[in-house]
Amino acid sequence: MKDTRHEIVVLADQLIRSKGFNAFSYADISKVLGLKNAAVHYHFPSKFDLGLTVIKKTIETFEVLSTSWSGLEIPEQLEQYMGIWDRTKAENCVCLMGALAPSFDTLSIDMQQALTVLGNTIIAWLSQLLEKGREAHIFNFKGSAKSQAYLIQSSLMASLLLEKVLQDDICHTITAGILKN
């Protein structure tokens with residue numbers, strides 16, 4: 001039995017990451033899934049409701065993944081995190097924050113707040129991992145772990161955006177550089 005709501009969320013996630021939030025419509029979803037627009041509106045009365053669900057799903061997915069990595073060695077956890085970026089690149093997409101940030105001011109307050117939670121969740125996890133790695137003499141960097149997490153996260157986000165423009169293997173170059181440090 002097909003789960004229409006789930007299919008809508010998965011496709012919306014892909015459209016946001018590949019085209020941008022303001023560049024797709026319910027008609028795009030209906031056409032791909034073979035639904036009537038009313039079916040999409042039944043599950044998500046507004047596009048902001050759909051966007052909020054996509055963000056919440058991404059937060060949940062990240063929390064499940066990062067929890068599943070907790071038994072790994074610190075460098076392997078970082079490698080698993082970098083794998084997210086490789087998969088995103090392989091899908092010719094950008095990360096959800098990178099896709100939504102340019103239109104942040106046009107999003108609903110609920111979407112803005114959820115996107116902030118997503119960003120803070122990732123930065124908190126990455127900061128904690130980096131600090132543990134520094135304490136274990138695995139990583140060597142100056143400044144706070146949170147500052148380093150900002151540098152890594154922004155580099156990864158930018159790598160996917162630059163790659164779209166320059167058509168070069170920027171994401172791989174950035175992830176390889178991060179893993180060497």
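The figures follow:
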| item | result |
| --- | --- |
| Zone of residue 134's modelled label, taken as backbone nitrogen in the range 143-164 under 18 Å from a point 7 Å along Cα→Cβ | 143-155 |
| Residue 93 long-range amide H proximity, modeled H, under 5 Å | none |
| q = 0.20, 0.22, 0.23 Å⁻¹: log10 I(q)/I(0) that the Debye formula gives for the range 17-63, counting C-alpha atoms only | -0.72, -0.84, -0.89 |
| Unit charges on C-beta of K, R, D, E only; dipole of the chain, Debye | 280 debye |
| Lysine pair count for the chain [Cα-Cα under 17 Å; pairs on different chains or 8 or more apart] | 15 |
| Over the chain, relative contact order from alpha-carbon pairs under 8 Å, at least 6 apart, % | 23 percent |
| In the range 75-181, the GluC sites (Glu not before Pro) that fall in loop regions by DSSP, at most 15 other Cβ within 10 Å | 91 |
| Low-density loop cleavage sites - trypsin sites (Lys or Arg not before Pro) in the range 20-53, where at most 14 other Cβ are within 10 Å (DSSP) | 36 |
| Sorted largest first, extent of the range 41-161 alpha carbons per principal axis (Å) | 52, 26, 25 |
| The range 86-98 - phi-based ³J(HN,Hα) in whole Hz, Karplus 6.51/-1.76/1.60, Gly and Pro as x | 4, 5, 4, 4, 4, 8, 6, 10, 10, 5, 4, 4, x |
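Throughout, read-outs are computed from the coordinates displayed, never taken from laboratory work. Keep in mind it's a predicted model, so treat the numbers as computed, not measured. Glycine gets a Cβ as well: all are built from the backbone with ideal geometry, and neighbour counts include every protein chain shown.
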